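Novice: Dropping the structure in here first, questions after.
The values are calculated or read from the model by the stated rules, or taken from the named source; none is laboratory data. Only a predicted model underlies this, so the values are computations on that prediction, with no experimental measurement involved. No Cβ is skipped: glycine too gets one built from the backbone with ideal geometry, and neighbour counts run over all protein chains shown.
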């Protein structure tokens, strides 16, 4: 093996960093049967799918160990009802009114580590924990539409809903919070299930430790095709530079990407054949305009802001991973509107002159200063710094301190921010976007008991909640799509919240690892059971 | 007994602080170089709007992470902003903090120190214990502590650095005051009934100024470093306004995109801090009898 000066320096640097972090990646990464992924965290919170407080890194590990009754196709979302694939349920059907859903379970599915066969009892246990108001679980809201769940026999589950939901498989069944737990193991382990998890997935947890990472091994009795790789190792390197070096030196096969302009280009300069797996749309970046604050209560000021912000330019800064938004639904999803189908006055093509004219009309021709604040997290800060500069060009100055990320969210929830940017990812279920971001019941409250509607839309300007009720009573998927477009137009008319860009979640992958499928869309974690690593 | 009637030998006039400064600054080639560097950076800061080739805040998404070229001498950052212009404008923030903070700290610290040293007793004990308390924390830690509570922003940073530096000045002023207070001319003034504020302003303060000025000079460099550290940690000058510290911070996450912001701002900090340290050392050497080599 020849060692160039550059590789040597890279490897030495990474080794130094790794040693500094107390990691011992090198020895394990050398084995061909192991795929190593470095996540941008310091450790995991829990590996139990219903545990509250879990984040993206936990999802990455849980995704390999658990199954739900149905799944979305590998590497994408299910955009339409017919896109879902069988998992622990072999087949399912729903009534025409989308109120009753029947699932037929696969026979002979085994839980990890000898915890026996998965049956309807485990499914009931899992769903009932979510339905029990006294048990604290994550994403309880998703399950609120379930009226009852029954098991006529060991291999059949019947779920009835309160309101029709043609995408019930997407809203509930395929989510990680509905992954099936082992009743026996859960009752036996209690709290320790968090780090001694038992699932039905292709991998099981071998060992976990903040310093060494989470080591997963292939589960020999997995119900589907066996995992293509013997071991998965998830390690934790929060520091961007250290993580990038670990990747450059080959110690990590995959790493969490960095959402800052030019990062992908600079990675490509270092090694041209790096593969970037990017979810599209990824996270949605919404800019809320607080309708209770001056001068944002004036529609002309909001229109001026809309004309002054150039979504295309912000997307361009990020390159291929970002896409400009039109309304609040990402262009990849059903229900979104395109500029072509909008009337002229709702297109809002970038026009700083028109913005200045609107401000002058509102009596703010001499300029205006709006106090707000932003999170120091890279993606938030980058987008808002560009917005700040674009608004400065038309005479709107954002007096915008940069604050710590958790404080930012806590203060936003107490209605302290006039213009909060909010980055969040959504599956293709537009109802959730609207109910969480702009509906009346989700209006933010100063005492922190409100929701994520930071603009007070619905409360200050009514109308949205009637449209949302209409959509939630509609069983037909096609009819829902039409109402979504109507809602999008209403929001573009009132401008309580602006869609800025969607920003893909990026993972850099060494080309020696083959995922077995292409990542196109989906959440910020994906299955590695078909992934192979060349020696 | 009359103090006034006693004949005293006539002493040659003491060199004023200004004389010492002038002599010291032009004494050694190293110091001349340092003074030159400081003068140049001060001029750059004052003339920033004239010298900077671009608006330091103007972004350009088609010019991200450019390497140095004839168009952008130090390249551009991840927002396509001109790095040289940002460093030039950043010198304003860095130098302002460097000069204003020790000045404020000197005023506050000297006041406290003189009060403690002159009056003694309870006042001295209270002030001294508070100062001891503050001295228990390293300057940077103290500054981070306060900045974390107050948040960034121009006056907050000045306040933070001032507080961090006050104990040093107070200690020095107290010790000097206690020494000067026992001088015959102060005792004389007291005995003829000169009012206390007059004694402090006319007799004490002028006589303890020299070491205070030296300390302030020495701490200009520390203040610049402290501001850079705070901005680097994200609690100093808030973006998008440039300061050398936050240019380095922004550059660190983007180090693989372009290392030039870090190199440029790092070099600027190094040069200025080195220059102020050289000048400060020279002044101290000239004034401090224990290290003086002029005789």
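Novice: Yes or no: residue A:113 in the same structural domain as residue A:174 (by TED's automatic domain parsing), loosely packed, with under 13 Cβ neighbours inside 10 Å and over 29 Å from the mean Cα position of the chain (by Cα)?
Specialist: So residue A:113 fails the test.
Novice: Say we look at the range A:267-278 and pick out the residues that are out of contact with any strand residue (DSSP E or B) (no Cβ under 8 Å at 6 or more places or on another chain) and in a loop (DSSP other than H, G, I, E, B); which of these is nearest to the other protein chains (Cβ to nearest Cβ)?
Specialist: Among those residues, the one meeting the criterion is A:271.
Novice: So which of B:251, B:264 is away from every other protein chain (no Cβ under 14 Å), under 18 Å from residue B:64 (Cβ atoms) and either part of a helix (DSSP H, G or I) or within 21 Å of the chain's Cα centre (by Cα) (or both)?
Specialist: B:264
Novice: Looking at the range A:475-493, is at least one residue over 26 Å from residue A:283 (Cβ atoms) and either in a loop (DSSP other than H, G, I, E, B) or at pLDDT 95 or above (or both)?
Specialist: yes
Novice: When both residues are 6+ apart or on different chains and their Cβ atoms are under 6 Å apart, which pairs have a first residue that lies in the range B:51-67 and is facing chain A (nearest Cβ under 7 Å) and without any contact (Cβ under 8 Å) to a residue 60 or more places away in the chain, and a second that is in a loop (DSSP other than H, G, I, E, B) and buried (at least 17 other Cβ atoms within 10 Å of the Cβ)?
Specialist: Pairs found: B:59/B:79; B:59/B:80; B:59/B:81; B:61/B:80.
Novice: Of all residues in the range A:45-62, how many are at pLDDT 90 or above, assigned to a helix (DSSP H, G or I) and surrounded by fewer than 22 Cβ atoms within 10 Å (Cβ to Cβ)?
Specialist: 1
Novice: Yes or no: residue A:214 touching a helix residue (DSSP H, G or I) at 6+ places or on another chain (Cβ under 6 Å), under 30 Å from residue B:256 (Cβ atoms) and not in a loop (DSSP other than H, G, I, E, B)?
Specialist: yes
Novice: Is one or more of the residues making up the range A:254-266 surrounded by fewer than 22 Cβ atoms within 10 Å (Cβ to Cβ), at pLDDT 90 or above and more than 14 Å from chain B (Cβ to nearest Cβ)?
Specialist: no
Novice: Give me the strands (runs of 3 or more DSSP E) completely within the range A:351-443, filtered to those with at least 3 residues that are within 14 Å of chain B (Cβ to nearest Cβ), ordered by residue number.
Specialist: Output list reads A:396-399.
Novice: Suppose we filter B:80, B:30, B:121, B:98 for residues that are within 14 Å of another protein chain (Cβ to nearest Cβ) and modelled with pLDDT under 95; which single one remains?
Specialist: On inspection, the qualifying residue turns out to be B:80.
Novice: Could you figure out which of (1) under 30 Å from residue B:28 (Cα atoms); (2) touching a helix residue (DSSP H, G or I) at 6+ places or on another chain (Cβ under 7 Å); (3) at pLDDT 90 or above isn't true of residue B:270?
Specialist: (2)
Novice: Looking at residue B:241, is it within 13 Å of chain A (Cβ to nearest Cβ), touching a helix residue (DSSP H, G or I) at 6+ places or on another chain (Cβ under 8 Å) and surrounded by fewer than 21 Cβ atoms within 10 Å (Cβ to Cβ)?
Specialist: yes
Novice: Scan A:245, A:289 and give me the residue that is at the interface with another protein chain (Cβ under 10 Å from one of its Cβ atoms) and either modelled with pLDDT of 95 or more or on the phi < 0 side of the Ramachandran plot (or both).
Specialist: The conditions single out A:245.
Novice: Any residue that is within 30 Å of residue A:323 (Cβ to Cβ) and within 14 Å of chain B (Cβ to nearest Cβ) - is there at least one of those in the range A:213-235?
Specialist: No, the conditions are met nowhere in the range A:213-235.
Novice: So, in the range A:378-390, of the ones that are in contact (Cβ under 8 Å) with a residue 40 or more places away in the chain and under 15 Å from residue A:308 (Cβ atoms), which residue ends up nearest to the chain's Cα centre (by Cα)?
Specialist: For the range A:378-390, the residue satisfying everything is A:383.
Novice: Collect the residues in the range A:122-150 that are surrounded by 18 or more Cβ atoms within 10 Å (Cβ to Cβ), over 22 Å from the mean Cα position of the chain (by Cα) and not in a helix (DSSP H, G or I), keeping them in residue-number order.
Specialist: Within the range A:122-150, A:146, A:149 meet the criteria.
Novice: So residue A:330 ticks every box in (1) within 14 Å of another protein chain (Cβ to nearest Cβ); (2) within 30 Å of residue A:513 (Cβ to Cβ) but one. Which box is left unticked?
Specialist: (1)
Novice: If you don't mind, there's one more thing I want to ask. Residue check: is residue A:309 within 14 Å of another protein chain (Cβ to nearest Cβ), at pLDDT below 95 and under 27 Å from the mean Cα position of the chain (by Cα)?
Specialist: no
Novice: Name the one entry in B:180, B:220, B:186, B:272 that is surrounded by 17 or more Cβ atoms within 10 Å (Cβ to Cβ), away from chain A (no Cβ under 14 Å), in a helix (DSSP H, G or I) and free of Cβ contacts under 8 Å to residues at least 24 places away in the same chain.
Specialist: B:186
Novice: Looking at the range A:336-350 only, could you name the residues that are surrounded by 17 or more Cβ atoms within 10 Å (Cβ to Cβ) and in a loop (DSSP other than H, G, I, E, B)?
Specialist: Those that are surrounded by 17 or more Cβ atoms within 10 Å (Cβ to Cβ) and in a loop (DSSP other than H, G, I, E, B): A:336, A:337, A:342, A:348.
Novice: Looking at the range A:318-335 only, could you name the residues that are within 16 Å of residue A:387 (Cα to Cα), surrounded by 24 or more Cβ atoms within 10 Å (Cβ to Cβ) and modelled with pLDDT of 90 or more?
Specialist: Once the filter is applied, which keeps residues that are within 16 Å of residue A:387 (Cα to Cα), surrounded by 24 or more Cβ atoms within 10 Å (Cβ to Cβ) and modelled with pLDDT of 90 or more, the range A:318-335 yields only A:322.
Novice: Give the residue, chosen from A:258, A:301, that is in contact (Cβ under 8 Å) with a residue 24 or more places away in the chain, closer than 24 Å to residue B:59 by Cβ and not in a helix (DSSP H, G or I).
Specialist: A:258
Residue-wise test of (1) under 30 Å from residue A:256 (Cα atoms); (2) in contact (Cβ under 8 Å) with a residue 40 or more places away in the chain.
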position	(1), (2)
A:328	yes, yes
A:345	no, no
A:348	no, yes
A:372	yes, yes
A:376	yes, no
A:392	no, no
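Novice: For the range B:146-155, state whether one or more residues are modelled with pLDDT of 90 or more and surrounded by 14 or more Cβ atoms within 10 Å (Cβ to Cβ).
Specialist: no
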